[in-house]
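Student: Quick one: this structure, given as structure tokens, is what I'll be asking you about.
Please treat every number below as a calculation from the coordinates, not as lab data. Because the structure is predicted, anything quoted here is derived from the model rather than measured. Neighbour counts run over all protein chains shown; Cβ positions are idealised from the backbone, glycine included.
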Amino acid sequence: MRIISGSAKGMNLKSPHGKKIRPTSEKVKEAFFNIVQDRIKGSWFLDLFSGSGGIGLEALSRGAEKCIFVDKDRNSIQLIRENIQLTGMQEKARVCQGDAGRALLGFSKEEICFDIVYIDPPYKYTKITDILFLLHHGRLLVGGGIIGVERPSRNGTWDYSPFSLQQKKNYGDTELYLLVSRE
């Protein structure tokens, strides 16, 4: 795993051990950032189900102002912190250990608003619609904000309302959904 572009371009990140974490492929990561590249600079970025933190660190490397990393696994949190330290981006990063839904409720109480959200849960995770509901009703996404959702291509249909589908791309066993908030 490495940073593709920006201030930390080419930097290798620490990778997870075992099969518990499934890092986003470079192909999917590059596709996502190519689509949102004009909106990264100065943005507030949320990396939900962060795993190793590779997506959020890519956003920071490309000029995001702030990234909040959320994961409930203790080992993932340690890995994220190590990768943040490795890239020297501690000032722009915040790490939250816990359930994604609870984290979103907390951000809503803090009145934090994100420009871009990336959601990459385990492929067996079934509560994406709940996460989208919390993002919408917690007013956690700016008007016209973007949500990237990584899902297995064999997953079938799911409800992404109240957001609009901007794009859907297939990369082998992975589908990348780009949703936008209705302004």
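Student: Pull up the range 158-177, narrow it to residues that are over 23 Å from residue 115 (Cβ atoms) and surrounded by 14 or more Cβ atoms within 10 Å (Cβ to Cβ), then point me to the one that is farthest from the chain's Cα centre (by Cα).
Tutor: 171
Student: If you don't mind, there's one more thing I want to ask. Restricting to the range 51-70, and then to whatever is part of a strand (DSSP E or B) and in contact with a helix residue (DSSP H, G or I) (Cβ under 7 Å, 6 or more places away or on another chain), can you tell me which residue is surrounded by the fewest Cβ atoms within 10 Å (Cβ to Cβ)? First the steps, then the outcome.
Tutor: Going residue by residue through the range 51-70, those that are part of a strand (DSSP E or B) are 66-70.
Now narrow it down to the ones that are in contact with a helix residue (DSSP H, G or I) (Cβ under 7 Å, 6 or more places away or on another chain): 66-67, 69-70.
Details: 66: 19, 67: 28, 69: 28, 70: 26.
Out of the qualifying residues, it is 66.
Student: When only residues in the range 129-157 that are charged (D, E, K, R) and assigned to a strand (DSSP E or B) count, which is surrounded by the most Cβ atoms within 10 Å (Cβ to Cβ)?
Tutor: Filtering the range 129-157 for residues that are charged (D, E, K, R) and assigned to a strand (DSSP E or B), the one surrounded by the most Cβ atoms within 10 Å (Cβ to Cβ) comes out as 150.
Student: On to the next question. Just the residues that are touching a residue at least 24 places away in the same chain (Cβ under 8 Å) and touching a strand residue (DSSP E or B) at 6+ places or on another chain (Cβ under 9 Å), please, taken from the range 88-106.
Tutor: Matches in the range 88-106: 89, 92, 93, 94, 95, 96, 97, 98, 99, 100, 103, 104.
Student: Report, by residue number, each residue of the range 112-128 that is without any contact (Cβ under 8 Å) to a residue 40 or more places away in the chain, closer than 23 Å to residue 67 by Cβ and either touching a Lys or Arg at 6+ places or on another chain (Cβ under 7 Å) or part of a loop (DSSP other than H, G, I, E, B) (or both).
Tutor: 127 - this is the single residue of the range 112-128 that is without any contact (Cβ under 8 Å) to a residue 40 or more places away in the chain, closer than 23 Å to residue 67 by Cβ and either touching a Lys or Arg at 6+ places or on another chain (Cβ under 7 Å) or part of a loop (DSSP other than H, G, I, E, B) (or both).
Student: Exactly one condition in (1) buried (at least 17 other Cβ atoms within 10 Å of the Cβ); (2) under 22 Å from residue 145 (Cα atoms); (3) in contact with a helix residue (DSSP H, G or I) (Cβ under 7 Å, 6 or more places away or on another chain); (4) not charged (D, E, K, R) is false for residue 87; which is it?
Tutor: (2)
Student: Still on this structure: Residue by residue through the range 159-174, note down the ones that are under 25 Å from residue 138 (Cβ atoms) and either touching a Lys or Arg at 6+ places or on another chain (Cβ under 9 Å) or among the hydrophobic types (A, V, I, L, M, F, W, C) (or both).
Tutor: If the condition is that a residue be under 25 Å from residue 138 (Cβ atoms) and either touching a Lys or Arg at 6+ places or on another chain (Cβ under 9 Å) or among the hydrophobic types (A, V, I, L, M, F, W, C) (or both), then 162, 163, 164, 165 are the ones that fit.
Student: Given the conditions (1) over 11 Å from residue 49 (Cα atoms); (2) under 14 Å from the mean Cα position of the chain (by Cα); (3) touching a residue at least 60 places away in the same chain (Cβ under 8 Å), and given that residue 135 satisfies all but one, which numbered condition is not satisfied?
Tutor: (3)
Student: Tell me, please, whether a residue that is under 22 Å from residue 3 (Cα atoms), assigned to a helix (DSSP H, G or I) and touching a helix residue (DSSP H, G or I) at 6+ places or on another chain (Cβ under 8 Å) can be found in the range 91-107.
Tutor: Yes.
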